[in-house]
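The block underneath contains the structure these notes are about, expressed in structure tokens.
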Amino acid sequence: MTMDLFEPDNAGGPSLQTLGPGALVLRGFATAHETALWASLQDVLALAPFRHMRTPGGFRMSVAMTNCGALGWVTDRTGYRYDAADPQSGHPWPCMPESFLRLATNAAARGGFEGFVPDACLINRYAPGAKLSLHQDRNERDYGEPIVSVSLGLPAVFLFGGLARADRTTRVPLSHGDVVVWGGPARLRYHGVLPLAEGHHPLTGDYRINLTFRKAG
Ligand code: MD3
Ligand code: FE
């Protein structure tokens, strides 16, 4: 793909793609940091391994999850919420690694959200076939705060909908290193991830990993 430096969106350097008001893809923004991100991820996983949580309806999620930071997103029979403790260990979630925090803050600033300091990082692991149904992110306290999402490993097709569940969706391919910043008018748009295709990636093996940074509390 060639990058058009004369496109207004690309004036500050290559690869800043607008999906709609408040939604921005920074293609390959995380690629240069993949080794540090991967090492930090292993440290987190040693303390809080991936697990398949249950939805309030009792279904086992196909996406395996864990968290780092002061707050972690959890779901069980009692509902969706943020919790300071990992329900599996009873301990606080692992600290947010510096490399994670730096990337999230820098990406948000690049997207126009200066001073973003996330207190929660949800880590999603997709194996082939795993998907995330269309949903809104509504468990955070302040919808004025953006969300930053980092894709690592196998590519996925992201579904970007509207403010109502029935609104039509557009498909956005997301590859290794892509970072998406969502905020303002896009913050409550429905979104999801189509079932992951089989594949192999040199960093992540047979998985897609997504880091989702939020200011939840
Ligand atoms: C669009 N995860 O964990 S965040 C999630 O690829 C989740 O695993 C996605 O959706 C994944 O809740 C990536 C993408 C995202 C997050 C918030 C949004 C997209 C959004 C808010 C508004 C619009
Ligand atoms: Fe979401």
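Only one of (1) more than 10 Å from ligand 1 (Cβ to nearest atom); (2) in contact with a Lys or Arg (Cβ under 6 Å, 6 or more places away or on another chain) fails for residue 167. Which number is that?
Only one criterion in (1) more than 10 Å from ligand 1 (Cβ to nearest atom); (2) in contact with a Lys or Arg (Cβ under 6 Å, 6 or more places away or on another chain) is unmet by residue 167, namely (2).
Name the single residue, out of those in region 116-132 being in contact with a helix residue (DSSP H, G or I) (Cβ under 8 Å, 6 or more places away or on another chain) and away from ligand 2 (no atom under 16 Å from the Cβ), that is farthest from residue 40 (Cα to Cα).
For region 116-132, the residue satisfying everything is 116.
Could you count how many residues in region 126-147 are over 19 Å from residue 81 (Cα atoms) and near ligand 1 (Cβ under 9 Å from one of its atoms)?
1
Only one of these conditions is not met by residue 94: (1) touching a residue at least 24 places away in the same chain (Cβ under 8 Å); (2) away from ligand 2 (no atom under 16 Å from the Cβ); (3) out of contact with any Asp or Glu (no Cβ under 9 Å at 6 or more places or on another chain). Which number is it?
Only one criterion in (1) touching a residue at least 24 places away in the same chain (Cβ under 8 Å); (2) away from ligand 2 (no atom under 16 Å from the Cβ); (3) out of contact with any Asp or Glu (no Cβ under 9 Å at 6 or more places or on another chain) is unmet by residue 94, namely (3).
Please count how many residues of region 48-59 are closer than 24 Å to residue 154 by Cβ and either modelled with pLDDT under 95 or open to solvent by 40 Å² or more (accessible area, probe 1.4 Å) (or both).
Final tally of qualifying residues: 4.
Out of 211, 188, 196, report the one residue that is open to solvent by less than 40 Å² (accessible area, probe 1.4 Å) and part of a loop (DSSP other than H, G, I, E, B).
Residue meeting the stated conditions: 196.
Looking at this structure, is residue 132 of a type in the set (A, V, I, L, M) and farther than 27 Å from residue 36 by Cβ?
no
Can you tell me how many residues in region 111-122 are open to solvent by 20 Å² or more (accessible area, probe 1.4 Å), more than 15 Å from residue 23 (Cβ to Cβ) and either outside any loop (DSSP other than H, G, I, E, B) or not β-branched (Val, Ile, Thr) (or both)?
Qualifying residue count for the region: 3.
Being farther than 20 Å from residue 213 by Cβ and surrounded by 14 or more Cβ atoms within 10 Å (Cβ to Cβ), is that true of even one residue in region 22-40?
No.
Here's a check for you: in region 60-99, which residue that is more than 25 Å from residue 130 (Cα to Cα) and in contact with a His (Cβ under 8 Å, 6 or more places away or on another chain) is surrounded by the most Cβ atoms within 10 Å (Cβ to Cβ)?
99
Pairs only if they're at least six apart or on different chains, beta carbon under 6 angstrom, first in region 169-184 and aromatic (Phe, Trp, Tyr), second part of a strand (DSSP E or B); list them, first residue then second.
182/23; 182/147
From the list 108, 104, which one is under 15 Å from residue 40 (Cα atoms) and surrounded by 20 or more Cβ atoms within 10 Å (Cβ to Cβ)?
104
The values are calculated or read from the model by the stated rules, or taken from the named source; none is laboratory data. Computed from a predicted structure; not experimentally measured. Cβ: placed from backbone, ideal geometry, glycine included. Neighbour counts: every protein chain shown. Protein only, heavy atoms only, side chains kept; ligands, DNA and RNA dropped before computing areas. Shrake-Rupley method; radii C 1.70, N 1.55, O 1.52, S 1.80 Å.
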